[in-house]
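Quick notes on the structure that follows.
The values are calculated or read from the model by the stated rules, or taken from the named source; none is laboratory data. Keep in mind that what you see is a predicted model, and the values were worked out from it rather than measured. When we count neighbours, we look across all protein chains shown, and the Cβ atoms used for this are built from the backbone with ideal geometry, even at glycine.
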Amino acid sequence: MRWHIIRLSEVGSTNDIARELAEAGHPEGIVVVARRQMRGRGRLGRGWASPEGGLWFSVLLRPRLAPADLSKLPIVASLAVARALRRLYGLPAELEWPNDVLVRGRKVCGVLVESAFSGREALFSVVGIGVNANFGLEALPGELRGRATTLRELLGHDVDLEELLNAILSELGACYLALKEGKGSELLREAERLMGFPRPLSVACGGRVFSGTALGLAEDGSLLLRLPDGAVRAFSWAEATIKKP
Ligand code: BT5
């Protein structure tokens, strides 16, 4: 995969810029990196704090994938980040369904995939990745500090953001290729191992909370939860979120 990197200083959201480039017809492989985001986004209308020192970027893909493989993209992108953090820094990076990368239970990275469709076919996907890197917890809003971490906090020093970007892009490229070659199930099994299943979990979906045992991932990346009555229910990442105790 050849990447074309565009560097910006301050933006609203790198996902918006990548989307504009996609709509203007640019090819896949464009990567928009910003030093700061003023309106960084998470899923389901949530915000993403993006102070200077973090690695905030969005990758434009034009995936020709079956729907079940396309819906694996958020998990595959967070898997790419976990691999890079393990390889570069030896950190015990884990995944939390659907799109978080955690170290020792604290969120160090979030992934937001936004796609545009024509019928069931994706015209493009924007894979937005935010890694809390070279700043301390004090740079984050107070209510996030208990659940978040940064590479500076974890390693005790700053990291080379270029090296980190290159490592994530290289893992993402390898994962994307594997998806296109029909090896999506292998990626899901690797992601499952980093999610620590089976384990007790609560999921918020459609205004209700479902508690049970998370068993693993369905082929489209949905979370499989065994409910107290024994039924197994699949939750799609588009509508569900893990509920913290
Ligand atoms: C995410 O959403 O985790 C996706 C975050 C994606 C950010 C990247 S940065 C580049 C690109 N451009 C964008 O505008 N976005 C992408 P979600 O799972 O919905 O988690 C959001 C929640 O995480 C918030 O409601 C907060 O509780 C928490 N949060 C916000 N900022 C955080 C941070 N910097 N570190 C850890 N947790 C944070």
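Filtered by the rule that a residue be of a type in the set (Asp, Glu) and either crowded, with 22+ Cβ neighbours inside 10 Å or part of a helix (DSSP H, G or I) (or both), the stretch 66-94 gives a lone residue, Asp69. Of the residues making up the stretch 101-122, those that are within 10 Å of the ligand (Cβ to nearest atom) and either among the polar types (S, T, N, Q) or touching an Asp or Glu at 6+ places or on another chain (Cβ under 8 Å) (or both) number 6.
Here Leu155 does not qualify as closer than 25 Å to Gly90 by Cβ and within 20 Å of the chain's Cα centre (by Cα). Looking only at the stretch 1-32, residues that are without any contact (Cβ under 8 Å) to a residue 60 or more places away in the chain and assigned to a strand (DSSP E or B) come to 9 in all. Among the residues of this structure, Leu95 does not count as one that is at pLDDT 95 or above, hydrophobic (A, V, I, L, M, F, W, C), more than 14 Å from the ligand (Cβ to nearest atom) and under 17 Å from Glu190 (Cα atoms). Inside the stretch 189-221, residues that are within 16 Å of the ligand (Cβ to nearest atom) and small (Gly, Ala, Ser) make up a count of 4. Give the residues of the stretch 128-166 that are surrounded by fewer than 15 Cβ atoms within 10 Å (Cβ to Cβ) and of a type in the set (Asp, Glu), sorted by residue number. Those that are surrounded by fewer than 15 Cβ atoms within 10 Å (Cβ to Cβ) and of a type in the set (Asp, Glu): Glu138, Glu143, Asp158, Asp160, Glu162, Glu163. When Arg193, Arg152, Arg233 are checked against the criterion of being of a type outside the set (Phe, Trp, Tyr), over 17 Å from Leu79 (Cα atoms) and in a helix (DSSP H, G or I), Arg152 stands alone in meeting it. Would the stretch 43-50 turn up any residue that is closer than 16 Å to Val127 by Cα, modelled with pLDDT under 95 and within 11 Å of the chain's Cα centre (by Cα)? Checking the stretch 43-50: at least one residue is closer than 16 Å to Val127 by Cα, modelled with pLDDT under 95 and within 11 Å of the chain's Cα centre (by Cα). If you filter the stretch 159-169 down to residues that are in contact (Cβ under 8 Å) with a residue 60 or more places away in the chain and away from the ligand (no atom under 16 Å from the Cβ), you find that the one that is nearest to Val81 (Cα to Cα) is Ala167. Taken over the stretch 207-230, residues that are exposed (fewer than 14 other Cβ atoms within 10 Å of the Cβ), in contact with a strand residue (DSSP E or B) (Cβ under 8 Å, 6 or more places away or on another chain) and assigned to a loop (DSSP other than H, G, I, E, B) amount to 2.
Of the strands (runs of 3 or more DSSP E) that lie entirely inside the stretch 95-138, those containing 2 or more residues that are under 22 Å from Lys243 (Cα atoms) and of a type in the set (Lys, Arg) span 106-118. Looking only at the stretch 132-157, how many residues end up being in contact with a Lys or Arg (Cβ under 7 Å, 6 or more places away or on another chain), over 29 Å from Gly221 (Cα atoms) and touching a residue at least 60 places away in the same chain (Cβ under 8 Å)? Going through the stretch 132-157 one residue at a time, the tally reaches 2. Listed by first and then second residue, the pairs with beta-carbon distance under 8 Å, at least 6 apart or on different chains, first residue in the stretch 33-44 and within 7 Å of the ligand (Cβ to nearest atom), second aliphatic (A, V, I, L, M), are Gln37/Val11; Gly40/Ala49; Arg41/Leu112; Gly42/Leu112; Arg43/Leu112.
From the list Trp48, Trp56, the lone residue that is within 20 Å of Glu171 (Cβ to Cβ) and either of a type outside the set (Ser, Thr, Tyr) or surrounded by 24 or more Cβ atoms within 10 Å (Cβ to Cβ) (or both) is Trp56. Among the conditions (1) farther than 21 Å from Leu140 by Cα; (2) more than 18 Å from the chain's Cα centre (by Cα), the only one that Leu70 does not satisfy is (2). The residues of the stretch 48-70 that are farther than 21 Å from Arg152 by Cα and within 16 Å of the ligand (Cβ to nearest atom), listed by number, are Ser58, Val59, Leu60, Leu61.
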